[in-house]
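Below is one structure, written out as C-alpha cells; the observations come after it.
The values are calculated or read from the model by the stated rules, or taken from the named source; none is laboratory data. These numbers come from a predicted model, not from an experiment. Neighbour counts are summed over all protein chains in view; Cβ atoms, including those assigned to glycine, are modelled from backbone coordinates with ideal geometry.
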Amino acid sequence: MKPQLRVWALAAIFVLLLPMFAACGGAEPAAEEAPVEAAEPETAAEAESTEAESSSAYNEAPMLAEMVANGELPPVDERLPAEPQVIEPEDRIGTYGGTLRFGEVNPINLWSFATLRMNGLFRYDFSNTQVFMDIAKDYYFSDDYKTLTIELREGHKWSDGEPFTTDDIMFAWEDVAMNEDLSPAGPRSIWRAGGEPAVFTKISDTVVEISFSVPYPIIMNYLGRTGVATDNNVIMPKHWLKQWHIDYNPDAQKLAEEEGFETWMQAFNFHNRPPNNFRIDGPTLWAWKNETLTSDRAIVVRNPYFHQVDTAGNQLPYIDRIEAVITGDKEVQTLKASAGEFDFETYYIDMKDMSVFQQGAEQGNYRVEFAQNLFSAELGLMPNRTVKDPVLRELFNNKDFRIALSISIDRESMNDTLFFGLGRPFPATVNPGLSFFQEEWATTHAEYDPERANALLDSIGLTERDSAGYRLRPDGEGRLSMLIHVGVSEGPKIAMAELVRDDWAEVGLEAIVENLGEQGGLFSQRLATNDLQIPTWHLDRNALFGRSLGSNYAVDQTSFWTGTWKDWFRTNGEEGVEPPEEIKRQREIFEQYKLTAVGTDDFNRLGAEYYDYFTSEIPMIGTIGFTPRPVIISNRLHNVPLEGAAWISDNNFYAPFMPSQWFIEE
C-alpha cells in the first residue's frame, strides 16, 4: 500500500522545525581565510589555544610542543610554509586538543570520513560560485585563457617533513597521467581541451604553468573542488611513491611481487590511492594524517606540518584526533547519531528521522541544524538505454515509456512524506540559477498524471496484465519487471526508491529496489559490466562544476543512463555500442559549451540547446530537489559555519565547513 503522511504529524513537526529553517537563509559563508596577500598573523602570546611558551610568531598544539621539546619534531616556524594560509575562525579563536567523534557507514572506501579530512589546492564556497585558496597560494590565467599559472607556498612540507613542490604536480602529470602503463587511456578528458593533452611546465619549485590548445577557463571549475585538486590526484608525493614506479626504481616489479601484487602498476596504484582512501603508511597534506585502521574504526591524528594558522598565529587544526566508528549500516548510524555518539553527522542521516533526532537532542547533548542540498534531484532514475534485457532496452529507448515512468510518480506526496513539504518537486534538469534556464523546464513531464501514464503505456502495447494487475512483457515471458539499483546510501534514497516503486505499481509496472549503496563497489562493478537496469544517483553537478567534470548530464564517459554508449565514446569506437546520432550531436554541443565564458551569448545559446534535451527527451527522471538536510552538531563542537550552509558533492561536502578550525570545548 502506498505510504501516506498523517497531516497532524506533519503540522506538529513543521512547527518544531520552522525556527531552525528561518535561521538557515542563504548568505556568504563566514569561516573564510583572510585574503591571499594577508599579512603575517599576529603573535598569540596570550592565545587561549596554546600553552606553549615561545618567541615564535606562531603557536602550536601542546602535543606538538612536547614532541619539539623531546627532539621529535622541528620548531613550528620550520614546519610551516613561509606564508601560511591565514584562516579567520567562524566564531572565535579555538582551544587545542580533544578527539572528534565521527561515524562511517561504508567500510570499503570510508568516503564520508575521507571527504571530511581532505584539503586541496583550492576549494569552493557553499554555493559553488567562488573559489578560495587552500594548499595553493595563488592562481591566474593568461589573457587568452590558454594558460593557468598555479603558485604554491614556499617551504610547504608533507606530513613526513619532506618538501612539497611543483615536482609533486609534475610527477602526477608526467609520470602517472601521461604514463602508458599507469594510464593506458591517457589523461582524463578534462585535461584534453581541444583534443590535445595539456602541457605542464615547471617554472620553479613553487610555480607551475598548465597550457591548453584552446581558451580553457573552466579548468578552475574543476580544480575548485577539493577532491580533484588534492594529493593522489593532481598532487602526488613523488619522494614516497617513486619507490613503486619502474622509471625511478629498477626493482619496482620485484618490490610489487614481494608485496603480493602481480605488477608494479598494481602496487603503485594501491599505494597512491588505496580502495579505502586510507593511506596509512604514506604522507599527506591534509589537516590530519592517518594513524590507525581496524575493522571497526579509523583514527587520524593532526598533521604537524599543516599549512594553516588562525588569525592569532595558532597552527591549525585545533582538534588533535578524529576517531571514526565504522558502523557499516545506516540504521545503526542513525541510532548512534540520535544518541549523541557523534560530534558531527549529516552524510548518512535523513529528514525522515527528524522526530528521533529532536527527541534525543537534549539527552545526547547535541543540536540539529540544517543545510540545503543543492541537488536537482535527491534521487535521479536513469533507465539504462543499452540494458542487456532486449525488452527493457526497447522500452527504455521509447520516449513515451520514459514519460510514463516520470508522470506516474507522485512527487508532491513524496515531498510531504520524506521532506515535510520543504523540498521542491523537480525534473532531471539543471540548476535554475543558470542564466539560460527556461522556466518551463521546471515542470515539463514532472506533473503527476497516472491516467495519462496508463494511456501511454497502453499505446505502446503494454495492455496485457496478470491476475495481480501488473503488466506483462510483450515477448510472452511473464510479468514486466524492472530493477531500481540504488547506488549511494546518502540521504533517503532507499525510501524514495520505494515510493517510486509503489507509484509505478499503481500503473501496473513492477519494480524491485536493490540497495547497492552499502555493498562497497558492487554498484560500480555492475555499472562497468552493464548489469544495471535503472541505476540511480543524486543529480549533482547541475551548474558550472558540471561543465568541467563528467556527470550524469554528460553523454560520453560518466553518465549512468548511457550504458555502453559511453564505452564507445571512451575508446573511440573500439568498445561498447555506437550511440545514435542525436547522442553524438549532444556530445558535440557539450564540448562547444565547455569552451565558452560564463554569461556570454554563446554560453547561453549552447547551454540552452544542450540542456533542453534533458527536458524534452527525458533521459533521466527527477524526483525531489533542493531539499533540507539535517546536520547534527554536538554542543561541545564549536566554530561550525552554518550561514548559507549547503550540501553537495560539487563543493566536496565538508570543505566549506572548514573542519580545521573546528574545536572541542566541553
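In this structure, does V488 turn out to be part of a loop (DSSP other than H, G, I, E, B) and in contact (Cβ under 8 Å) with a residue 40 or more places away in the chain?
So V488 fits the description; yes.
One residue is enough: does segment 186-196 have a residue meeting the conditions outside the structural domain of F344 (by TED's automatic domain parsing), at positive phi and not in a loop (DSSP other than H, G, I, E, B)?
Yes, segment 186-196 contains at least one residue that is outside the structural domain of F344 (by TED's automatic domain parsing), at positive phi and not in a loop (DSSP other than H, G, I, E, B).
Which residue pairs have Cβ atoms under 6 Å apart, sit 6 or more places apart or on different chains, and have a first residue in segment 429-452 that is assigned to a loop (DSSP other than H, G, I, E, B) and a second that is surrounded by fewer than 18 Cβ atoms within 10 Å (Cβ to Cβ) and aliphatic (A, V, I, L, M)?
F436/A608
For a quick check of your reading of the model, give me the residue pairs whose first member lies in segment 333-358 and is closer than 22 Å to F626 by Cβ, whose second is hydroxyl-bearing (S, T, Y), with beta-carbon atoms closer than 6 Å and at least 6 apart or on different chains.
Listed pairs, sorted by first residue: Y347/S112; I349/T334; D353/T334; F357/S338.
Give the residue that is modelled with the lowest pLDDT, with candidates limited to residues of segment 238-280 that are under 19 Å from M178 (Cβ atoms), part of a loop (DSSP other than H, G, I, E, B) and not polar (S, T, N, Q).
R273
Considering only segment 131-146, how many residues are of a type in the set (D, E, K, R) and either crowded, with 17+ Cβ neighbours inside 10 Å or under 25 Å from S660 (Cβ atoms) (or both)?
Total satisfying the criteria: 4.
Just the residues that are free of Cβ contacts under 8 Å to residues at least 40 places away in the same chain and farther than 15 Å from V309 by Cβ, please, taken from segment 66-77.
Within segment 66-77, E66, V68, A69, N70, G71, E72 qualify.
Within the set of pairs 6 or more residues apart or between chains, which connect a residue that is closer than 14 Å to K242 by Cβ inside segment 253-265 to a residue that is exposed (fewer than 11 other Cβ atoms within 10 Å of the Cβ) with Cβ atoms less than 8 Å apart?
A256/E262
Of the numbered conditions (1) under 14 Å from I618 (Cα atoms); (2) among the basic types (K, R); (3) assigned to a helix (DSSP H, G or I), R385 satisfies every one except a single condition; which is it?
(3)
When T149 is evaluated against the numbered criteria (1) in a strand (DSSP E or B); (2) out of contact with any helix residue (DSSP H, G or I) (no Cβ under 8 Å at 6 or more places or on another chain); (3) buried (at least 23 other Cβ atoms within 10 Å of the Cβ), which criterion, by number, is the only one it fails?
(3)
Considering only residues that are charged (D, E, K, R) and modelled with pLDDT under 90, look in segment 521-541 and name the one that is farthest from M496 (Cα to Cα).
R541
Within segment 544-564, count every residue that is hydroxyl-bearing (S, T, Y), over 11 Å from R385 (Cα atoms) and crowded, with 24+ Cβ neighbours inside 10 Å.
1
For the condition surrounded by fewer than 19 Cβ atoms within 10 Å (Cβ to Cβ) and either modelled with pLDDT of 95 or more or outside any helix (DSSP H, G or I) (or both), what is the one hit in I299, I349?
I299
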